[in-house]
Amino acid sequence: NAGVMQNPRHLVRRRGQEARLRCSPMKGHSHVYWYRQLPEEGLKFMVYLQKENIIDESGMPKERFSAEFPKEGPSILRIQQVVRGDSAAYFCASSLLANYGYTFGSGTRLTVV
Amino acid sequence: DAKTTQPNSMESNEEEPVHLPCNHSTISGTDYIHWYRQLPSQGPEYVIHGLTSNVNNRMASLAIAEDRKSSTLILHRATLRDAAVYYCILRVMEYGNKLVFGAGTILRVKS
């Protein structure tokens, strides 16, 4: 059981480009959560998805950010027209059931230049 | 609003026990107490969780006060690899069961 896999580990984008971050949950887990951690700051919840459905997107910025978790394939966090302030570590977590503990991935470190 | 209060940092000597405190005075009857830790440059890692009774696992112990307004994470023998940020989190229905992280406690372990 490989755990939660995130790729890429590091991503560099120029301002205005799009960033696509992928997360494959643990086998059998249908609940996925995305968090963002800005440099020297804590983890901030972004979005909670359960296969094909967005359950809670209260932490997602209103513009440029979107997330999906299709029936087949990994969950994708998409950031359009990136700006320097989007530079951060983005962590994905999955759980077996909604009230179970989370398993986190190692994160994607996005740098916008 | 993380609803928990933890010291900003603590220091421990290697091979000694560490007691990490957490206050959660607004806890309600259905809120679970979760602990996670984050090692440098890594994602958070589940440590332990509990509701009312004390809990033990291979990583740590969780001691929960009788009134549930506070809890303590106990590392029985700290090692250098235990140096991390430790987060005490209330899993509350109000938040849709999602984990809301606070600032945590930075644990430094001296050799």
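Each value in this text was obtained by applying a stated rule to the coordinates, not by laboratory testing. Owing to the predicted nature of the structure, the values given are computational and were not obtained by experimental measurement. Counting neighbours? That spans all protein chains shown, and the Cβs are built from the backbone with ideal geometry, glycine included.
Net charge around A:Pro70, counting only other residues with Cβ within less than 14 Å of its Cβ (Lys, Arg = +1; Asp, Glu = -1)? Walk me through the numbers on the way to the answer.
Numbers: positive: A:Arg20, A:Arg22, A:Lys51, A:Lys71, A:Arg78; negative: A:Glu52, A:Glu68, A:Glu72.
Net local charge, A:Pro70 excluded: +2.
Let me know the mean shielding of B:34-47 by other chains, meaning the per-residue number of their Cβ atoms within 10 Å of its Cβ.
Details: counts 2, 0, 5, 0, 5, 0, 0, 4, 6, 16, 10, 3, 7, 1.
What the average comes to for B:34-47 is 4.
To the nearest whole percent, what portion of all C-alpha pairs in segment B:20-83 is separated by more than 20 angstrom?
On the way: 562 of 2016 pairs.
Of all Cα-Cα distances in segment B:20-83, 28 percent exceed 20 Å.
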Using a Gaussian network model of chain A with C-alpha springs under 10 Å, which one of A:Glu52, A:Glu18, A:Glu40 is most mobile by mean-square fluctuation? A:Glu40
Could you work out the relative contact order of segment A:37-110, using alpha carbon pairs under 8 angstrom and six or more residues apart, expressed as a whole percent? 23 percent
Integer Hz, Karplus 6.51/-1.76/1.60 couplings in order for segment A:58-71, x for Gly and Pro: 5, x, 7, x, 5, 10, 6, 9, 8, 9, 8, 9, x, 4
Starting from the Cα of B:His76, step 7 Å along the direction of its Cβ; do the same at A:Ser30; then give the gap between the two resulting points in nm. 3.8 nm
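Taking every residue in A:97-104, how many Cβ atoms of other protein chains lie within 10 Å of its Cβ, on average?
Numbers: counts 1, 3, 4, 3, 9, 8, 4, 7.
The mean count of partner-chain Cβ atoms within 10 Å per residue comes to 5.
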Distribution output for the protein assembly as shown: share of Cα-Cα pairs per 5 Å bin in percent, first bin at 0, values 1, 7, 14, 18, 18, 16, 12, 8, 4, 1, 0
If you split all Cα-Cα distances of chain B into 10 Å bins from zero, what percentages do you get per bin, shortest first? 15, 50, 29, 5, 0
Show me the chymotrypsin sites (Phe, Trp or Tyr not before Pro) within segment B:36-111 that DSSP assigns to loop and that have at most 12 other Cβ atoms within 10 Å of their Cβ. none
Name the most mobile residue of B:Thr30, B:Thr72, B:Thr52, meaning the one with the largest mean-square fluctuation, in a Gaussian network model of chain B with Cα contacts below 10 Å. B:Thr30
³J(HN,Hα) computed for each position of segment A:94-111 - Karplus, 6.51 cos²θ - 1.76 cosθ + 1.60, integer Hz, glycine/proline x: 9, 9, 6, 10, 4, 9, 8, x, 9, 10, 9, x, 7, x, 10, 9, 9, 10
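Order the peptides A:5-15, A:95-105, B:61-71 from the highest to the lowest mean number of other Cβ atoms within 10 Å of their residues.
On the way: A:5-15: 14.0, A:95-105: 17.7, B:61-71: 15.9.
The most tightly packed comes first, giving A:95-105, B:61-71, A:5-15.
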Just to be sure I understand: if I project the alpha-carbon convex hull of chain A onto a plane and average over all orientations, what area do I get in nm²? 6.7 nm²
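Per residue of B:70-82, how many C-beta atoms from partner chains lie within 10 Å of its own C-beta, taken as a mean? Don't skip to the answer; put the middle values down first.
Working: counts 0, 0, 0, 0, 0, 0, 0, 0, 0, 0, 0, 0, 0.
Taking all residues of B:70-82 together, the mean is 0.
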Inter-probe distance in nm under a simple model that places probes 7 Å from Cα toward Cβ, at B:Glu16 and A:Arg78: 5.4 nm
Just to verify a number: FRET efficiency for A:Ile55 and B:Ser25, C-beta to C-beta distance, R0 = 35 Å, to 0.05? 0.75
On a straight-distance basis, which lysines could pair with A:Lys27 in a cross-link, Cα separation under 17 angstrom, same-chain partners fewer than 8 positions away excluded? A:Lys51, A:Lys71
From the phi angles alone, apply the Karplus equation (6.51, -1.76, 1.60; θ = phi - 60°) to segment B:32-42 and give each ³J(HN,Hα) in whole Hz, x where the residue is Gly or Pro. 8, 9, 10, 10, 10, 9, 10, 7, x, 6, 10
